[in-house]
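Encoded as structure tokens, the structure appears first; notes follow it.
The values are calculated or read from the model by the stated rules, or taken from the named source; none is laboratory data. What you see is a predicted model; the values in this text were computed from it and never measured. No Cβ is skipped: glycine too gets one built from the backbone with ideal geometry, and neighbour counts run over all protein chains shown.
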Amino acid sequence: MTDLHALLEPVARIAADAADAILEIYDRGDVNVDRKDDDSPITAADRAAHELIVAGLADLTPDIPVFSEESGGIDFADRKDWRRFWLVDPLDGTKEFIKRNGEFTVNIALVEDGRPVLGVVHVPVTGVAYLGGEGLGAFKQENGERVSIHCRARHEPVILVASRSHGGSPRMDVLEALIAQRLGTVDKTSMGSSLKLCLVAEGKADLYPRLAPTSEWDTAAAHAVVNAAGGHVVNTDFEPLVYNKEDILNPHFLVLGQPVDDWRFIHSAVAE
Ligand SMILES: Nc1ncnc2c1ncn2[C@@H]1O[C@H](COP(=O)(O)O)[C@@H](OP(=O)(O)O)[C@H]1O
Ligand SMILES: [Mg+2]
């Protein structure tokens, strides 16, 4: 069994080092943007963070493979038998990085048997980090202080969090109306990157419906934090998201701050 407790601090350190490298580039105003094969943006900051994280994890756990968004893709044939691996998004929210609104994150997850069992999400601009793991609990670190975080019990208004840059759709309006009808007032907030999942983990939002594409590395680390905080990340059939699929894209998903059964009533609005 992996000693998750022993890994948490060194992984948090690696994420913080990558965040420092990103900030150095951010503060220089160096946002030369290249385009990847899929036309998504990549900057020197993505690349610098990727290099640091891959080197740090290889040093920490030489036997555990690393799959990063910036690894350039790894064939399913080469990774399908991995029981454990690090799944990394060195800079999630590249669009927010380019827009300079601070809502971007460094994401490192350990996946075991398809489940994210440990995660660190670090926010370079604020220095805040969200950490969590199976059997460890979930924590927010801010100004050198670490506190336990938990999803909140539901109360009015219901707080819905949505992407700042992707995913607005008529279906979201239907979903919102359904929730309002059943549960009362709905407040909406927008946020870039994996921070949306962290808002649910720390009890500042109840639901993050993602009815638009993401990849496994966008969610794995924050998914581990949400689980450790008592929440759930499920597909639109209310089953947990799984990792290391042949198709690295996630299905549409829901991040729930309360028991899965409390949210089944939204099925008709979110089903694909
Ligand atoms: N068409 C698409 N296919 C796959 N992933 C997409 C996508 N459009 C957006 N994303 C993912 O959504 C992430 C940003 O989400 P959000 O808008 O909620 O902040 C991006 O992360 P990166 O910034 O790491 O590329 C990207 O991975
Ligand atoms: Mg991403």
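Can we say Gly168 is over 21 Å from Val123 (Cβ atoms), surrounded by fewer than 19 Cβ atoms within 10 Å (Cβ to Cβ) and either within 15 Å of ligand 1 (Cβ to nearest atom) or modelled with pLDDT of 95 or more (or both)?
yes
Go through the stretch 58-111 and count every residue that is more than 16 Å from ligand 1 (Cβ to nearest atom) and assigned to a helix (DSSP H, G or I).
7
For the stretch 174-189, check the following and say yes or no: at least one residue is in contact with an Asp or Glu (Cβ under 9 Å, 6 or more places away or on another chain), more than 24 Å from Gly73 (Cα to Cα) and within 16 Å of ligand 1 (Cβ to nearest atom).
Yes, there is a match, as at least one residue in the stretch 174-189 is in contact with an Asp or Glu (Cβ under 9 Å, 6 or more places away or on another chain), more than 24 Å from Gly73 (Cα to Cα) and within 16 Å of ligand 1 (Cβ to nearest atom).
Considering only the stretch 203-220, I want to know if a residue exists there that is without any contact (Cβ under 8 Å) to a residue 24 or more places away in the chain, over 27 Å from Ser40 (Cα atoms), more than 10 Å from ligand 1 (Cβ to nearest atom) and out of contact with any Leu (no Cβ under 6 Å at 6 or more places or on another chain).
For the stretch 203-220, residues without any contact (Cβ under 8 Å) to a residue 24 or more places away in the chain, over 27 Å from Ser40 (Cα atoms), more than 10 Å from ligand 1 (Cβ to nearest atom) and out of contact with any Leu (no Cβ under 6 Å at 6 or more places or on another chain): absent.
State which residue is farthest from Ile14 (Cα to Cα) when the search covers only the stretch 112-127 and only residues that are within 15 Å of ligand 1 (Cβ to nearest atom) and of a type in the set (A, V, I, L, M).
Ranking the qualifying residues of the stretch 112-127, first place goes to Val125.
Consider Phe253 carefully, then state whether it is modelled with pLDDT of 95 or more and away from ligand 1 (no atom under 16 Å from the Cβ).
no
Any residue at all in the stretch 187-210 that's among the polar types (S, T, N, Q), more than 16 Å from ligand 2 (Cβ to nearest atom) and assigned to a loop (DSSP other than H, G, I, E, B)?
For the stretch 187-210, residues among the polar types (S, T, N, Q), more than 16 Å from ligand 2 (Cβ to nearest atom) and assigned to a loop (DSSP other than H, G, I, E, B): absent.
Among (1) crowded, with 17+ Cβ neighbours inside 10 Å; (2) under 23 Å from Thr126 (Cα atoms); (3) more than 16 Å from ligand 2 (Cβ to nearest atom), which single condition is Phe85 missing?
Checking Phe85 against (1) crowded, with 17+ Cβ neighbours inside 10 Å; (2) under 23 Å from Thr126 (Cα atoms); (3) more than 16 Å from ligand 2 (Cβ to nearest atom), the one that fails is (2).
Select from the stretch 251-272 the residues that are touching a Leu at 6+ places or on another chain (Cβ under 6 Å) and either polar (S, T, N, Q) or in a loop (DSSP other than H, G, I, E, B) (or both) and list them in ascending order.
His252
Looking at (1) of a type outside the set (D, E, K, R); (2) away from ligand 2 (no atom under 16 Å from the Cβ); (3) touching a Gly at 6+ places or on another chain (Cβ under 7 Å), find the lone condition where Ala221 falls short.
(2)
If Tyr243 satisfies every condition in (1) over 20 Å from Leu118 (Cα atoms); (2) within 16 Å of ligand 2 (Cβ to nearest atom) but one, which is the exception?
Here Tyr243 clears every test but (1).
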